[in-house]
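Below is one structure, written out as structure tokens; the observations come after it.
Please treat every number below as a calculation from the coordinates, not as lab data. Just so it is clear, the structure is predicted and the values come from calculations on it, not from any experiment. Cβ coordinates were reconstructed from backbone atoms using ideal geometry, including for glycine residues, and neighbour counts include every protein chain displayed.
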Amino acid sequence: KKILEDKELSLAPAEELFDRSKMEDLIKRRFFYDQSFAIYGGITGQFDFGPMGCALKSNMIQLWRKHFIMQEQMLEVDCSILTPEPVLKASGHVERFADLMTKDIKTGECFRLDHLIKAHLEKIKSEKNTK
């Protein structure tokens, strides 16, 4: 994972001042969030919030409600988070979406290939513009 993250960072344009990996490391160390069931290997795409993460999430929801419900007078619904596969098949999502992925053989983490290619092309473009 670290090698792929470093590769992704090296392919990013030079003007990037924000270091995503350092930010993620900091918020994980301070337990804003962690992968659900991390001590058992974790479940991809599911996260548990720590005390600060819960507070941040609550504040964001309050701001969202203030804007959309109070100011825009919309109604709020609370739906299931996980979508069953038959729903994705019926909607055409399974057949239409086929993002090519690359996998870190050490950690098993996957990255979208188009994102890595885009970052590399942006780096090449920025290097040409600086010459």
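Among Leu9, Ala98, Gly42, which residue has its Cα furthest toward the positive end of the charge dipole of the chain, with +1 on Lys/Arg Cβ and -1 on Asp/Glu Cβ? Farthest along the dipole direction, towards plus: Leu9.
Each helix, a run of at least 4 DSSP H residues, gives -39500 (n - 2.57); summed and divided by the residues of the chain, these come to -14500 deg cm²/dmol at 222 nm. Calculated from the structure at hand, Cα extents along the principal axes in Å is found among [x] 52, 38, 36; [y] 79, 42, 29; [z] 80, 40, 21 as [x]. Projecting the Cα atoms of Phe68, Ser126, Leu113 onto the dipole axis of the chain, where Lys and Arg carry +1 and Asp and Glu carry -1 at the beta carbon, places Ser126 farthest toward the positive end.
One decimal place: the segment Leu9-Met60 gains 15.5 nm when fully extended, by the rule 0.36 nm per residue minus the C-alpha distance. Across every pair of non-identical alpha carbons in region 1-43, the mean reciprocal distance, once inverted, gives a Kirkwood radius of 12.1 Å.
With respect to the chain, whose longest principal axis is taken over its alpha-carbon atoms, helix 2-11 is tilted by about 70°.
Got a sec? Charge dipole of the chain, +1 on Cβ for Lys and Arg, -1 for Asp and Glu; which of Val87, Phe31, Ser21 is way out at the positive end? Positive-most Cα among the choices belongs to Ser21. Computed over neighbours whose Cβ is under 9 Å from that of Phe49, the net charge equals -1, Lys and Arg +1, Asp and Glu -1. Neighbours of Thr102 by Cβ distance under 11 Å: Lys/Arg scored +1, Asp/Glu scored -1, total -2.
Using the Cβ-Cβ distance between Met101 and Gln73 with R0 set to 30 Å, the FRET efficiency works out to roughly 0.10.
Computed from point charges on the beta carbon alone (+1 for Lys and Arg, -1 for Asp and Glu), the dipole magnitude for the chain about its Cα centre is near 300 Debye. For Asn59, what is the net charge nearby, where nearby means another residue's Cβ is under 15 Å from its Cβ and Lys, Arg count +1, Asp, Glu -1? Net charge in that neighbourhood comes out at +3.
The lysines within cross-link reach of Lys2, meaning a Cα-to-Cα straight distance under 24 Å and a gap of 8 or more places when in the same chain, are Lys22, Lys28, Lys103, Lys106, Lys118, Lys123. FRET efficiency for the Thr130 to Glu24 pair, using the beta carbon distance and R₀ = 25 Å, is estimated at 0.35.
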